[in-house]
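Coordinate-derived values only; no laboratory data. Computed from a prediction, not measured in an experiment: that's the story for all the values here. Glycine also receives a Cβ, built like all others from the backbone with ideal geometry; neighbour counts cover every protein chain displayed.
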Amino acid sequence: MLVTFTIDDVRAGRALLLDPRPQAVVLEMPPPASRRVRRVDVRTKITREGNHGVKISGVMVTTDGMEWRPCCLVSR
């Protein structure tokens with residue numbers, strides 16, 4: 001399954017998921033625009049039978065590429 005990540009409507013990366021094992025994906029943030037918060041979209045092209053998308057967990061952020069810290073996901 002091909003997964004595409006966009007940040008504030010700018011493509012930030014892609015990942016090819018070949019099996020159900022967790023896979024780490026590192027995304028570089030584009031320069032900030034006029035938004036106060038950043039929007040990250042995760043899209044898949046197709047879903048297989050019994051698979052309804054992807055699971056996101058363990059989101060971490062860094063400002064220098066070295067000191068990673070946990071971040072929280074905000075639900076609406």
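Label-to-label distance for LEU2 and ALA15 is 1.7 nm, based on points extended 7 Å past Cα in the beta-carbon direction.
Computed over the chain, the P(r) tail beyond 17 angstrom holds 52 percent of alpha carbon pairs.
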